[in-house]
Amino acid sequence: MDQTTRKTLHEVYHLIKAGDRNAARALIKPVLAGHKDNVDAWWLAVHAAAKPSDQRLALVQVLRLNPAHRPARLMLDRLNTENPEGIDELAKELPLPPPGQQKRDLARPHQRRWVWNLMILFGCLSFWFASAAIITAVLGMEWFDNSLNDISEALGGEPQQGRGGQFGTVKGGDPNRPYDIPVTEKESVKPSDEPVLSTLKEDEAHMYTFSAERGQEVMALLQFTIAGNAHFVMELWDAGQKKIATGEGADNSGTVTLVYEFRETGQYALVIIGRPDGPRGGYALGFDLADP
């Protein structure tokens, strides 16, 4: 995939996440016209579709390019059950990929893609926080915050290690006048379908370390229960604690995303910083690594 196409797909993804499906469709149409075998583009088209027939068309294309794509299979089965009109006509209109391509796709699982993972992460975290919002409204944020450590441990995470900056400090707060913020939680993590759950307060930072290989891409999605200025909230560090990327967020949002392609094999860290006006409270961090 060339850099121009990759950049366009990133823009389409952010438009879909922001709810602007009309703009997303307008942007992705030229990509589909020029790259009919780009499975990432078709998967985004599924989420940008305006009607069930368009969504079904995109899902069929995804599955014909990658028969092992289980989320697309589940979505298509559900769509065919809820909206059976036009199934036969669609099957006649869409040509099958070359036989050699079908055999290759069936012989080995398709490479994991950043678009699939980000959309799945976004859906899972949105569902999780929709439930959390109801629980929090009934029982109060204090109960919610105190329960997160137990949930994290149940999912395989390490228990909270304590307060007071025992893991060092990071520069944060006002980007124009950064000051030292203590790192109160540090944990070694691996890519997983389950999110990392914790609670962030103002003027504290959490660090999640992991290893990556040259050419891999990290895709991270951070979702808070309390919105705020989501700029400069999540950073990516190298082994020398040098910032190499910053997450993207909006002025009044609880969502931060970060995508970065590694140039070297080594140890890295995702750092989450509690800004005075930033998002806070309970959060879920989902991240994955994709091969080039």
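What follows draws every value from the coordinates through simple rules; no lab data is involved. Predicted, not measured: the structure shown is a model, and the values here were computed from it. Neighbour counts are summed over all protein chains in view; Cβ atoms, including those assigned to glycine, are modelled from backbone coordinates with ideal geometry.
Approximating the spin labels as points 7 Å out from Cα along Cα→Cβ, the Ala250-to-Ser53 distance works out to 3.2 nm. The order of the peptides 72-78, 22-28, 57-63 by mean Cβ neighbours within 10 Å, most packed first, is 57-63, 22-28, 72-78. Highest mean first, the peptides 214-223, 31-40, 235-244 sorted by other C-beta atoms within 10 Å per residue fall in the order 214-223, 31-40, 235-244.
Put simply, when 280-291, 249-260 are sorted by average Cβ atoms within 10 angstrom per residue, most first, you get 280-291, 249-260. Converting phi to 3J(HN,Hα) with the Karplus coefficients 6.51, -1.76 and 1.60 and the offset θ = phi - 60°, the stretch 3-8 yields 5, 5, 5, 4, 5, 4 Hz in sequence order, with x at every glycine or proline.
Stretched out straight at 0.36 nm per residue, the stretch from Asn22 to Leu74 would grow longer than its current Cα-Cα span by 16.3 nm.
Here Lys242 is the anchor, and the lysines within straight C-alpha reach of less than 23 Å, apart from those fewer than 8 places off in the same chain, are Lys171, Lys186, Lys190.
Eigen-decomposition of the gyration tensor built on the alpha-carbon atoms of the stretch 15-78 gives equivalent ellipsoid semi-axes of 18, 14, 9 angstrom, largest listed first. Spin-label model, Asp238 to Lys29: label points 7 Å out along the Cα-to-beta-carbon direction sit 4.3 nm apart.
Between Arg177 and Gln3, the FRET efficiency estimated from the beta carbon spacing at R0 = 35 angstrom works out to 0.50.
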